[in-house]
Amino acid sequence: MEKYTFESLAEWDREYVWHPFTQMRQYRREEPLIVERGEGSRLVDVQGRSYLDGVSSLWVTVHGHNHPRLNSAIKEQIDRVSHSTLLGLANVPSILLARKLVEITPPGLNKVFYSDAGATSVEIAIKMACQYWRQKDNGQHRDKTRFVSLGEAYHGDTVGSVSVGYSELFHTAYRPLLFESIKIPAPYCYRCPLGESAGSCRMECLAAAERVIAENADGIAALVVEPLVQGAAGMIVQPRGYLSGLAKACRRHNILLIADEVAVGFGRTGTLFACEQEGVCPDLLCTAKGLSGGYLPLAATLTTDEVYSAFLGEHREAKTFFHGHTYTGNPLGCAAALENIRLIEETGLVASVREKAAFLESGLERFSQLPHVGEVRQRGMMVGIELVKERAGREPYPRENSVGHRVTLEARRRGLITRPLGNVIVLMPILSMSMEELKQVLDIAYEAIRVVTEEASP
Ligand SMILES: Cc1ncc(COP(=O)(O)O)c(C=O)c1O
């Protein structure tokens, strides 16, 4: 590889790279962290500094970085073939993986459609749902074209996924491009959109969702939900029974349920898939991130025989699912995913996540004592710590305060990589981290929050 120094890379990074979800003016003022290699739970930068990866490299890493088994699986596949198209052809790892995915996902999901990112897996689910109703029963249900989605939802950045998302900050600029979806209130209990509080709440948000669904059912194709936790919204943890309540409402009113398990799947919440915790079997399930163990861009949309069968027909009927990406079903990604799943099974990873989640829960108790911690939310190994300017009134820090970003920089100085969601500090440790490493993650995050919030509002 070409020779470089930290200084030359930093200069070229500033000059040539446009980073996603990053205000480049601010980024270019700060010293970049340039990752050179990974070792288990740690990332090492070009200056030789080592950091715990507290966000699993954007919520993807399962067994750690540079894992010998995952490395070998990919190398073995490279020696056979690195890519061949799935458009009208098949390849070995994509077949084996599809069979395995059908085995490990909730019952009824029997068909696998591959793509490359969480957003594309949702985009595909939306298009499939729309076309399904158009083609089912000779087009009797072709008016079912609308989608229901939650306030604060995030399903990725392609135009369809953004249309079923709702983030004032992320999405406003693209409004003119989007189709309108029917919004239901987010079950954001700390800031309840319906004004309920813990004492009075009877899950009004679920009742509101049911009303909206009932009123519009004839025009609705599907409801899209992030099961158990709305991640990018700031780790909003749903009350128990919310997901199964939504699923029942969908069944009752004959609309499809799309479970976006992109963030919560692959063990993150303490079961392999989050839907399992409420006995929910969706009609479509989207998975990405942890699917390849955090190695390669791979995603899948699974669906039922019922949905699949509506796409069967003769060429002239044009019932084909007209969607595909060049790298759909990439053999390297599928080989990594197969080895990832093998490792999950061999190491009993999902059970260990439950133990580690309990450890995190007790370690997080002291965070609530900090005067600017409004709420600590957790499900499995997903944690959001919402910082507030003033706790009694739950007053948020103003955006210009950049408190989340400052906590991130402080944590980085102390050897931990995190990435905030506004004023919410996110901890998404690698699922294979040891208890000792998790303790270090907690200790650094605590100190970083304490120091920055004391400075921000003494
Ligand atoms: C629930 C959910 N869906 C979809 C996505 C988009 O995934 P990707 O960034 O791989 O497109 C994300 C990303 O954070 C997510 O959390």
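Just to be sure before I move on: is residue 353 in contact with a Lys or Arg (Cβ under 9 Å, 6 or more places away or on another chain) and assigned by TED's automatic domain parsing to the domain that holds residue 441 in the structure I sent?
Yes; evaluated as a whole, the condition is true for this residue.
Determine which member of the set 373, 388 is touching a Leu at 6+ places or on another chain (Cβ under 7 Å) and either buried (at least 24 other Cβ atoms within 10 Å of the Cβ) or of a type in the set (A, V, I, L, M) (or both).
Result of the check over 373, 388: 373.
For residues that are basic (Lys, Arg) and exposed (fewer than 13 other Cβ atoms within 10 Å of the Cβ), tally how many sit in segment 300-328.
Summing the residues that are basic (Lys, Arg) and exposed (fewer than 13 other Cβ atoms within 10 Å of the Cβ) in segment 300-328 gives 1.
What number of residues in segment 56-72 are under 17 Å from residue 261 (Cα atoms) and either of a type in the set (A, V, I, L, M, F, W, C) or modelled with pLDDT under 95 (or both)?
Residues flagged as under 17 Å from residue 261 (Cα atoms) and either of a type in the set (A, V, I, L, M, F, W, C) or modelled with pLDDT under 95 (or both) within segment 56-72 amount to 4.
Can you tell me which of 138, 110 is assigned by TED's automatic domain parsing to the domain that holds residue 336, farther than 30 Å from residue 421 by Cβ and in contact with a helix residue (DSSP H, G or I) (Cβ under 7 Å, 6 or more places away or on another chain)?
110
Let's see how each residue does on (1) crowded, with 17+ Cβ neighbours inside 10 Å; (2) within 16 Å of the ligand (Cβ to nearest atom); (3) over 16 Å from residue 261 (Cβ atoms):
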position	(1), (2), (3)
74	yes, no, yes
79	no, no, yes
87	no, no, yes
91	yes, no, yes
95	no, no, yes
112	yes, no, no
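List the residue pairs whose Cβ atoms are under 6 Å apart, where the first residue sits in segment 431-457 and is under 14 Å from residue 360 (Cα atoms), the second is of a type in the set (Val, Ile, Thr) and in a helix (DSSP H, G or I), and the two are 6 or more positions apart or on different chains.
Matching pairs, first to second residue: 431/353.
Return the total of residues in segment 414-433 being more than 28 Å from residue 344 (Cβ to Cβ) and surrounded by fewer than 20 Cβ atoms within 10 Å (Cβ to Cβ).
Qualifying residue count, segment 414-433: 2.
Under the condition of being hydrophobic (A, V, I, L, M, F, W, C) and touching a residue at least 24 places away in the same chain (Cβ under 8 Å), which residue from segment 160-169 is nearest to residue 120 (Cα to Cα)?
The residue in question is 164.
Taking interchain pairs and intrachain pairs at least six residues apart, which have beta carbon atoms under 9 angstrom, with the first residue in segment 352-366 and within 20 Å of residue 266 (Cα to Cα) and the second basic (Lys, Arg) and outside any helix (DSSP H, G or I)?
Correct list of pairs: 353/268; 357/379.
Which residues, counting only those in segment 65-112, are of a type outside the set (A, V, I, L, M, F, W, C), in a loop (DSSP other than H, G, I, E, B) and over 21 Å from residue 271 (Cβ atoms)?
66, 67, 79, 80, 82, 83, 84, 85, 88, 91
Any idea which of 115, 82, 121, 56 is of a type in the set (Gly, Ala, Ser) and over 22 Å from the mean Cα position of the chain (by Cα)?
Of 115, 82, 121, 56, the one residue that is of a type in the set (Gly, Ala, Ser) and over 22 Å from the mean Cα position of the chain (by Cα) is 82.
Residue-wise test of (1) modelled with pLDDT of 95 or more; (2) over 29 Å from residue 373 (Cβ atoms); (3) not in a loop (DSSP other than H, G, I, E, B).
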residue	(1), (2), (3)
245	yes, yes, yes
250	yes, yes, yes
254	yes, yes, no
257	yes, yes, yes
263	yes, no, no
268	yes, no, no
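Looking for whichever is within 11 Å of the ligand (Cβ to nearest atom) and touching a residue at least 60 places away in the same chain (Cβ under 8 Å) here; the options are 121, 149. Which one fits?
Just a single option satisfies the conditions, and that option is 121.
The values are calculated or read from the model by the stated rules, or taken from the named source; none is laboratory data. Predicted, not measured: the structure shown is a model, and the values here were computed from it. Reconstructed Cβ throughout: ideal geometry from the backbone, glycine too, with neighbour counts over all protein chains shown.
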